[in-house]
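Written below as structure tokens is the structure these notes are about.
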Amino acid sequence: MKKIEAIIRPEKLNDVKQALDDLGFHGMNFIQVTGRGAQRGIVHQGRGGESVTVDLLPKVKLEIVVGDQAAERVIEAICGAARTGNIGDGKIFVMPVEEAVRVRTGERGEVAV
């Protein structure tokens, strides 16, 4: 199994959820986070020519655990739905998952996901 963590733009959340739903992946968690990447924030021009740098931007972190065979399809779906082509579209991290246990039934492995 793989745990996929994706940091995406908040405005792309519904598109990503729909893309994953269309593939049959319904269980996932979303967390609102702030951070910065290569762009190191954005600069706003204020009144009187003042510039203000906002270096922590709102993002959404998606977490989903899937079987090894499904991981690439999920990654492609997230990329396709979250991509704008602009800097700040996000990142995806993939980690191995040793075990999953469904608390209600005690089921283990991929069936618990």
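Starting from residues that are in a strand (DSSP E or B) and touching a helix residue (DSSP H, G or I) at 6+ places or on another chain (Cβ under 7 Å), keep the ones in the stretch 63-104 and report whichever is farthest from Lys17 (Cα to Cα). Out of the qualifying residues, it is Val101.
May I ask you to list the residues in the stretch 58-113 that are of a type outside the set (Asp, Glu), closer than 20 Å to Lys12 by Cα and without any contact (Cβ under 8 Å) to a residue 12 or more places away in the chain? Those that are of a type outside the set (Asp, Glu), closer than 20 Å to Lys12 by Cα and without any contact (Cβ under 8 Å) to a residue 12 or more places away in the chain: Arg83, Gly85, Asn86. Would you please name the residue that is modelled with the highest pLDDT, looking only at residues in the stretch 20-62 that are among the acidic types (Asp, Glu) and in a loop (DSSP other than H, G, I, E, B)? Going through the qualifying residues, I end up with Asp55.
The values are calculated or read from the model by the stated rules, or taken from the named source; none is laboratory data. The model shown is predicted, which means the values in this text are computed figures rather than measured ones. Glycine also receives a Cβ, built like all others from the backbone with ideal geometry; neighbour counts cover every protein chain displayed.
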